[in-house]
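A short write-up of the structure that comes next.
The values are calculated or read from the model by the stated rules, or taken from the named source; none is laboratory data. Just so we're clear, the structure is a prediction, and the values are computed from it rather than from any experiment. Methodologically, a virtual Cβ is constructed for each residue, glycine included, from the backbone with ideal geometry; neighbour enumeration extends over all protein chains shown. Side chains included, ligands, DNA and RNA excluded: accessible areas come from the protein's heavy atoms. Shrake-Rupley method; radii C 1.70, N 1.55, O 1.52, S 1.80 Å.
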2 protein chains.
Amino acid sequence: MAEKSTRQCILDTAEKLFALHGYHHTSLRKITGEAGVNLAAVNYHFGSKKALLEAIFEYHLVPLNRIRQENLKAVRDRSRRLNQPMEVADILRAFIEPTLRYRDSSSKTRYFIALVGQSMTETDDTVRRIFLRHLRPLGFLLYEILKEALPHLEPETLYWRLQCTVGAISHIMRLTGDMHITPEGIHPSQDAETLIEQLIPFLTAGLEAP
Amino acid sequence: MAEKSTRQCILDTAEKLFALHGYHHTSLRKITGEAGVNLAAVNYHFGSKKALLEAIFEYHLVPLNRIRQENLKAVRDRSRRLNQPMEVADILRAFIEPTLRYRDSSSKTRYFIALVGQSMTETDDTVRRIFLRHLRPLGFLLYEILKEALPHLEPETLYWRLQCTVGAISHIMRLTGDMHITPEGIHPSQDAETLIEQLIPFLTAGLEAP
DNA sequence: GACTTATTCATACACTTGTTTTAAACACTT
DNA sequence: AAGTGTTTAAAACAAGTGTATGAATAAGTC
């Protein structure tokens, strides 16, 4: 980490270690040690450990969420323009595709997406609050659009199916490369295309189930 | 916590706090404070904080896993005896039903099931290792039985669909009562019957998707 | 009763955490 | 050359952590 700025060194190392071991199990001394910078540099550049985490989320999630939101609205607008019902698979793709494509765009973003997947299920408030602040509007939009695409579903049924969907997606996002329970002889590929083509049929069928 | 033994007081309070705030964000002082026992009691009765967690898992998961395993094998045996293909919904029910029924059997078990749901996604090794030691055999059995029920699926496809299933189930198990993202006006009921009847159609359709 | 064992208690220990402070260098612009 | 923002160094801070100790008390047994 010699060429990049100190600030960027910290960001890169932090998001990697946060994703690998979680926010709370990653001390500032580990981050600054691996980044090769001084311990005080974090508080100088970011103010606090929490602010460092917020900066990481801000950096990746603002542009990514804009894309996901635009994609979702594009699906809805197109359906209204053509006066055709929305396809659940299109809605899911609008949400999932940018996420996993972004994940595959570099080794750094891969760590970040794993971090996002973890944040949803964090037991501690610090991480979850930051995460929810960024994702709540998008979650509501997804719910509204799915409600429009599946008007025959009871609100409660849609709610639980969306919860299942969120659980499945976040679980896939968490898998950074270390398979926890892999049956013998199976070495599943993890590239974005594979995951997208596996996720969407599963979730579409689940959401559209009778 | 006056009538119960000190050991049981610690167990009850610990599994509640572990489920609410996570293993690492729950200090022994918080546990013993809320349980109304002395700090040293944990190390006296269990040896260490880690051993306390192991005792909690042992206490609940050994009997619960035996039931789930018996149910799974019963579905397979019945299919072989009648020479009929297995129904995916029956397999899922054999796994999910005991879990959520156990969850609803008391306020204590509800906390424990939430704790199990968290453990799968814990960033720290301590918790995940203990969890996996108990669940790995059951996971393999579930995979083998699903492979038998869905012989036309590519092994990789089955693997990813099982991952989605695990993600969805664990996410539902994590919800103890505080809904993170609840759309306005929706107050979904969380009793075992509702959850079972919501989960199984969703997951069956996903696993059987074309 | 006395004696032994099991349990509870207050306290101290060693350690890690995030954060702050001091000082001294370095890089850069005007 | 002066000044400004950055970086490093070393040290200390208060707070919190799991664990260990030894004395005090309770429970059980002969």
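Quick check on the range A:47-81: of everything there that is within 16 Å of DNA strand D (Cβ to nearest atom) and more than 23 Å from the chain's Cα centre (by Cα), which residue is farthest from the other protein chains (Cβ to nearest Cβ)?
Within the range A:47-81, the match that is farthest from the other protein chains (Cβ to nearest Cβ) is A:G47.
Consider B:Y59 against the criteria (1) within 16 Å of DNA strand C (Cβ to nearest atom); (2) surrounded by fewer than 17 Cβ atoms within 10 Å (Cβ to Cβ): it satisfies all of them except one. Which criterion is unmet?
(1) is the only condition that B:Y59 fails.
Can you name every residue in the range A:31-51 that is more than 18 Å from A:A19 (Cβ to Cβ) and more than 10 Å from DNA strand C (Cβ to nearest atom)?
If the condition is that a residue be more than 18 Å from A:A19 (Cβ to Cβ) and more than 10 Å from DNA strand C (Cβ to nearest atom), then A:G36, A:V37, A:H45 are the ones that fit.
Restricting to the range B:195-210, count the residues that are at the interface with another protein chain (Cβ under 8 Å from one of its Cβ atoms), open to solvent by 10 Å² or more (accessible area, probe 1.4 Å) and out of contact with any Gly (no Cβ under 6 Å at 6 or more places or on another chain).
Total meeting the criteria: 5.
Output the number of residues of the range A:25-46 satisfying the condition of being outside any helix (DSSP H, G or I) and either within 11 Å of DNA strand D (Cβ to nearest atom) or at pLDDT below 90 (or both).
5
Of everything in the range A:33-87 that's among the acidic types (D, E) and out of contact with any Leu (no Cβ under 8 Å at 6 or more places or on another chain), which residue is farthest from A:R110 (Cα to Cα)?
Looking at the filtered set, the residue picked out is A:D77.
Please work out if B:T109 is crowded, with 22+ Cβ neighbours inside 10 Å and away from DNA strand D (no atom under 16 Å from the Cβ).
No.
Can you tell me which residues in the range A:145-165 are without any contact (Cβ under 8 Å) to a residue 60 or more places away in the chain and within 8 Å of chain B (Cβ to nearest Cβ)?
A:P155, A:E156, A:T157, A:Y159, A:W160, A:R161, A:Q163, A:C164
I need the full set of residues from the range B:35-57 which are of a type in the set (D, E, K, R) and without any contact (Cβ under 8 Å) to a residue 40 or more places away in the chain, in order please.
Correct list: B:K49 only.
Answer yes or no as to whether B:L135 is at pLDDT 95 or above, buried (at least 19 other Cβ atoms within 10 Å of the Cβ) and at the interface with chain A (Cβ under 9 Å from one of its Cβ atoms).
no
Pull up the range B:14-30, narrow it to residues that are within 14 Å of chain A (Cβ to nearest Cβ), open to solvent by less than 70 Å² (accessible area, probe 1.4 Å) and within 14 Å of DNA strand C (Cβ to nearest atom), then point me to the one that is farthest from the chain's Cα centre (by Cα).
Filtering the range B:14-30 for residues that are within 14 Å of chain A (Cβ to nearest Cβ), open to solvent by less than 70 Å² (accessible area, probe 1.4 Å) and within 14 Å of DNA strand C (Cβ to nearest atom), the one farthest from the chain's Cα centre (by Cα) comes out as B:S27.
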